[in-house]
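The values are calculated or read from the model by the stated rules, or taken from the named source; none is laboratory data. Predicted model only: the values in this text are computed from it and were never measured. Don't worry about glycine lacking a Cβ; one is built from the backbone with ideal geometry, like all the others, and counts go over all protein chains shown. The accessibility values were calculated without ligands, DNA or RNA, using every heavy atom of the protein model including side chains. Shrake-Rupley method; radii C 1.70, N 1.55, O 1.52, S 1.80 Å.
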Amino acid sequence: MSWTPEQKMRLVFALRSKGVTDKRVLTAMEQIDRGLFVQQGLFSDRAYDDTPLPIACGQTISQPSIVGLMTQALQVTPRDKVLELGTGSGYQAAVLSQLVRRVYTVERFKRLVDQSQAVFDALGLTNITTFLADGSHGLPDHAPFDRIIVTAAAEDPPGPLLAQLRIGGIMVLPVGQSDAVQTLIRVRRTAEGYDYDELCPVRFVPLLEGLGRE
Ligand code: SAH
């Protein structure tokens, strides 16, 4: 069963009230039913609330307004090739897939890669490629990227990711200690170097090394 017009309206209202105003982002988020990325049965009734929820492997699906704000901050164009670190449920990647040419998404837990791939297949989202890997090294074989989005927090932007951002490209990521409040930042690569700006306080699970064991 797909989501109802009332559930959609409720989600869009929450997004707008938190500052997600970009029409293309709102439209993309109306295309993707978050209920499909939430553990069926357990949290289905809260899938359209503006709240993070637990997913498998002790991870979380981000709050919809954070997905919206990060997508908006990325300023994507339809030609972009995007790298996402931290596939998790696959929801953020699915939203991005509506707005860009190609999404490469990396996750360290096999179970999450398999689950999100199954939802992408069911939805026919053929422009998403999933990878089971430690994403902090990026994907050198597919670099450079027009946009990079990181959905797990590191203390600082990982060096390999900065190097894999093309000149003119944008990266959005949370930085800070994993057990404290983190800051969402935007990094723009210019011909001379990198410009940083701070967006808002956020709370993400930590970016961890190596593959996940479960
Ligand atoms: N974008 C997700 C939310 C991600 S939660 C969504 O829309 O649901 C953060 C995810 O990052 C977790 O699934 C975690 O396993 C993953 N992660 C943490 N460190 C990682 C790393 N080094 N490489 C790849 N994935 C990582």
Those GluC sites (Glu not before Pro) from the range 136-202 that are DSSP loop and have at most 10 other Cβ neighbours within 10 Å turn out to be Glu192
Karplus ³J(HN,Hα) for the range 99-115 (6.51 cos²θ - 1.76 cosθ + 1.60, θ = phi - 60°; Hz, whole; x = Gly/Pro) runs 10, 10, 6, 8, 10, 9, 10, 10, 9, 8, 9, 4, 4, 6, 4, 5, 5
Just the number, please: carbon plus sulfur as a percent of the accessible area of the range 53-179, 1.4 Å probe, no ligands or DNA/RNA counted. 51
C-alpha center-to-center spacing [the range 150-207, the range 21-53] in angstrom: 24
With every atom except the alpha carbons ignored, what do you get for Rg and Dmax of the chain, in angstroms? 15.9, 51
Connecting C-alpha atoms closer than 10 Å in a GNM of the chain, tell me which of Arg108, Arg16, Arg147 has the biggest fluctuation. Arg16
With both bridge residues required to lie in the chain, what share of the DSSP beta bridges run antiparallel, to the nearest 5%? 45
Under the rule of at least 5 residues apart or a separate chain, name every residue whose amide H is placed under 5 Å from the amide H of Thr129. Val103, Tyr104, Thr105
Check cross-link reach from Lys8 to the aspartates and glutamates: straight Cα distance under 20 Å, and skip same-chain residues fewer than eight apart. Asp22, Glu30, Asp33, Asp45, Asp49, Asp50
By the Cα gyration tensor axes a ≥ b ≥ c (a/c under 1.5 gives rounded; else a/b larger than b/c gives prolate, otherwise oblate), the shape of the range 122-191 is oblate
Sort the range 1-63 into rounded, prolate or oblate with this rule: let a ≥ b ≥ c be the square roots of the eigenvalues of the Cα gyration tensor; rounded if a/c is under 1.5, and if a/c is not under 1.5, prolate when a/b is larger than b/c, oblate otherwise. prolate
